[in-house]
1. Just report the Cα centroid separation between region B:486-564 and region B:86-125, whole Å.
2. Counting other beta carbons within 10 Å of each residue's own, what order do B:E186, A:E187, A:E136, B:E281 fall into, fewest first?
3. Say the cut-off is 18 Å between C-alpha atoms; which of B:K230/B:K300; B:K55/B:K76; B:K148/B:K212; B:K3/B:K169; B:K230/B:K299; A:K31/B:K148 go over it?
4. Count the net charge of all other residues whose Cβ sits under 14 Å from the Cβ of A:V167, scoring Lys and Arg as +1 and Asp and Glu as -1.
5. If a paramagnetic tag sat 7 Å from the Cα of B:Q2 along the Cα-Cβ line, which residues of region B:160-204 would have the backbone N under 16 Å from that point?
6. Determine the percent antiparallel among the DSSP beta bridges restricted to chain A, to the nearest 5.
7. Where the centre of each part is set by its Cα atoms, how far does region B:144-176 sit from region B:335-390, in angstrom?
8. State the antiparallel share, in %, of DSSP beta bridges confined to chain B, rounding to the nearest 5.
Amino acid sequence: MLIAGVGGQGIILASEIIALSAMKEGLDVKKAEVHGMSQRGGSVVSTLRYGQKVFSPLIKSGTADILLGFEKLEAYRTAQAVKPDGVIIVNDQEIYPITVASGKAKYPQNLDQLLVQTGRKVIKIDAYNIAKELGEVRAVNVVILGALASQLDLNKESWLSAIKERVPKKAVQVNLKAFQKGWEVGEKQV
Amino acid sequence: MQKVLLSGNEAVARGAYEAGIRVATAYPGTPSTEILQAVADNYPDIYCEWSVNEKVAVEVAIGASFGGVRSLSAMKHVGLNVAADPFFSLAYIGSATGGMVIVSADDPSMHSSQNEQDNRNYGRHAKVPVLEPADSQEAKDFTVWAIKISERFDTPVILRLTTRISHSKSVVELGEPVKPNKATYEKDVNQRMILPAIARKMRIKVEERLKKLIEWGEDCPLNIMEIRDKKAGVITCGVTYHHVREVAPELSTLKLGMVYPIPPKLVRKFTDSVKELYIVEELDPFIEMELNHLGIFPKKGKDVVPVLYELNPERVEAALKGEPDPISPPMPSDIPNRPPVLCPGCPHTGVFYNLHRMKARATGDIGCYTLGALPPLSAMDTCVCMGASLGNALGLEKALGEEFNKNLFAVIGESTFIHSGITGLVNCIYNKGNTNLIILDNRATAMTGHQPNPATGVTLMGETTHELDLAELARACGASYVAEVDPYDLAKTRKALEEASESEGVSVVISKRPCALIVRDEWKPALRVDVEACNGCRLCLQVGCPALSMKEKIAVIDRVLCTGCGVCAQVCPEEAILERAVI
Ligand SMILES: Cc1ncc(C[n+]2csc(CCOP(=O)(O)OP(=O)(O)O)c2C)c(N)n1
């Protein structure tokens, strides 16, 4: 699977939780991302694979099962890497790149439509507002993870214990709720 | 044993612990930085330090080895260029008293680097063994092996990682730590004074050592031969092995964990077992040239496997099938890019905004501030390597005359200045330059994740230490004009820059303010735009702050991103950018 977004959105923590959940089921896991220059507000893509045995940490373009888009433009940029009958879960958020802010380029206004036109199954989730209703906007990642989990075959318990391990102690309860909310949104769209 | 998920870098740190290493040094550099960070965070028994540069890092590690202690020194690929001098001497001196591993993290595809050099070549060049792990488990295990080999064969060992190993996480089964060596010191000039007469003897040792290493490599557990289909077999190393297994699981493989020196008998055994031989390796034809030297020529090698950029499963598959290189995956081209940018509230912005307004020329250096070269600031002209800005500026001055220098600035971060800029400053003054230098002191080595450095007065192990006074240092070197400014104050910064360029001799302006990311608690409330006053002139966008954009011809400030630094407010001719409380 692929996770795409903008540096600073908490993609690395999210991919960490996914990896840990798979590990808890005794599966082999590999995940890859690039830190550094690409992080300063630039595009970030994290790759994650699990199974009985994983060789390459990278995925051949056009074969990923699932794309988790933390930001719409980044989801669209990466969409072709998903297999034609794959799933794109996209967070309903737009972050303007500097090229747009400075007026050099235009942020596409029809991304929802463009995503659907790729032919992949698209699940849209308004994670920001869900997290806001729960009173913790920092739980956006975990809302998105809930939606993802509803589409995967890992046990819910593995997810819950991975979340408990990785989020700050004080924030465990609200994150578990966030996960549940995301799960419900994702489940409805099966 | 316990299984955990570790990045390659974290695994090397764990390996250092299991190998009984007690001194670890580094200068930060992507993708190697997290190795020392992980040592500092997890293994308090290991002394660790951010050295001022890679050369010093290796020299400290050599000192520890002289004292009988196992040591590790980590750096990015270009770091080994800086450390090459002690490294080549070390190759002669050896490490019999305390094992030494030099970790070189290469960056195929230059995700965060200025070049793509293949540091396996350093192994051949210095006649030193190179180990290359293919995942985190091997990153840990090979660190332990590196120490064993280092002590047994009296040689430093290069542990070569790549970005894909350093920054990928995979499952690692932990091992038991061995007991560290006992620290002792015995004077032994014949082993440690690399004078010509002694070096000539060491030279013989180096050649004999290589022979022994080759012998050992013939059946060492690091080189793994797997015979599957006998029709064809692949010799490969590192993460590329996994790409090969992914796309061509039927092929036989010889994975060289020790990629230098290459054991000829083992290679021949493999080539005799398969009908066709392929070599699949990232970057240079390193294995291939070694094999050519043995008279072995693969059916497929660098004629089909690209030399440029990182390999991945699809590129390997295309190469093996003889298809064109799918160098970049399909992506929509009609949507805006998202280049990296200076953060909101970045103190570098104020300096670059001024340089831009002054239409100054600037020789640049490497750090976050390299991003000041991008539009809309477009405030730097050159970037060569760490520390180059000063020499480059002096060279321009000598080539074009003093007049040219009036509006020319060398721009360097404080960590980079300490790394390799101080010598450039001394050189400018010694050689009667008129160069203007700007040191961007943001109280952190920010680019690589905010490591402390001598100007911050804190060590990697969290101790407070002497804080290097950059202004005093500049004066001691002989700078004729030295000023410290707050880059959030655009007018004062401008004044200092103008005074610097007007004054005779070498001038130094120190821009002093902590990186906004390390002082989040000092952020002011987000600014806001007075929509009545804003005339849509877009001047504020010249600051290049990601928190600013235009909507319907009016400037808007992103409330989440804005740190309240106030730089844009100073730029606005209509005074339309205000503090929140004022409206
Ligand atoms: C020889 C070498 N070592 C390490 C690096 C990685 N690196 C690039 S810039 C930099 C430090 C930047 O710190 P500083 O000069 O303080 O600038 P800042 O990022 O804080 O603006 C490092 C470690 C490199 N490019 N070359």
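1. 41 Å
2. Numbers: B:E186 9, A:E187 13, A:E136 17, B:E281 26.
Listing B:E186, A:E187, A:E136, B:E281 from fewest to most nearby Cβ atoms yields B:E186, A:E187, A:E136, B:E281.
3. In this structure, A:K31/B:K148 exceed 18 Å between Cα atoms.
4. Summing Lys/Arg as +1 and Asp/Glu as -1 gives +3.
5. Residues B:171-178 qualify, since their backbone N sits under 16 Å from the label point.
6. 45 percent
7. 37 Å
8. Working: 19 of 72 bridges.
Counting only bridges with both partners in chain B, antiparallel ones make up about 25 percent.
Since every read-out is calculated from the coordinates, none of them should be taken as a lab result. Worth saying up front: this structure is predicted, and the values here are computed from it rather than measured. Quick reminder, even Gly has a Cβ in these numbers, built from the backbone with ideal geometry, and neighbours come from all protein chains shown.
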